[in-house]
1. Being part of a loop (DSSP other than H, G, I, E, B) and open to solvent by 80 Å² or more (accessible area, probe 1.4 Å) is the filter here, so list the residues in the range 21-33 that pass it.
2. For L18, state whether it is open to solvent by less than 80 Å² (accessible area, probe 1.4 Å) and either within 11 Å of the chain's Cα centre (by Cα) or on the phi > 0 side of the Ramachandran plot (or both).
3. Would you check if A8 is in a loop (DSSP other than H, G, I, E, B) and surrounded by 10 or more Cβ atoms within 10 Å (Cβ to Cβ)?
4. Taking the range 1-19, which residues are modelled with pLDDT of 90 or more and aliphatic (A, V, I, L, M)?
5. Taking R55 and the conditions (1) out of contact with any strand residue (DSSP E or B) (no Cβ under 8 Å at 6 or more places or on another chain); (2) loosely packed, with under 10 Cβ neighbours inside 10 Å; (3) under 19 Å from S4 (Cβ atoms), which numbered condition does it fall short on, given that it satisfies the others?
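The values are calculated or read from the model by the stated rules, or taken from the named source; none is laboratory data. Fair warning: this is a prediction, and the values are worked out from it, not measured in the lab. Cβ atoms come from the backbone with ideal geometry, glycine included; neighbour counts cover every protein chain shown. Surface areas here come from the heavy atoms of the whole protein model, side chains and all, with no ligands, DNA or RNA. Shrake-Rupley method; radii C 1.70, N 1.55, O 1.52, S 1.80 Å.
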Amino acid sequence: FQFSYVDADGNAVPVPQLTFLRLLSAGARQNFTLNCQNAAAWYDAGAGTFARALRFRGANDEELGR
């Protein structure tokens, strides 16, 4: 899956703007909302596992939050 970023008005944010934001920032915070029926985004109680947990990667392809 690929994410797209939009501003408060719903307009696409250009890649160069995101690149400069990444290069000039010491930290960041992002809200993420998943709306998917019957999805186990974190812990799958039915299977008793975290195997289907969401994983995030930074711009350098390093996995975040582990």
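1. Of everything in the range 21-33, those that are part of a loop (DSSP other than H, G, I, E, B) and open to solvent by 80 Å² or more (accessible area, probe 1.4 Å) turn out to be L24, A26, A28, R29, Q30, N31, F32, T33.
2. For L18, the condition - open to solvent by less than 80 Å² (accessible area, probe 1.4 Å) and either within 11 Å of the chain's Cα centre (by Cα) or on the phi > 0 side of the Ramachandran plot (or both) - is not met.
3. On the way: in a loop (DSSP other than H, G, I, E, B): yes; surrounded by 10 or more Cβ atoms within 10 Å (Cβ to Cβ): no.
No.
4. Matches in the range 1-19: A12, V13.
5. Every condition holds for R55 apart from (1).
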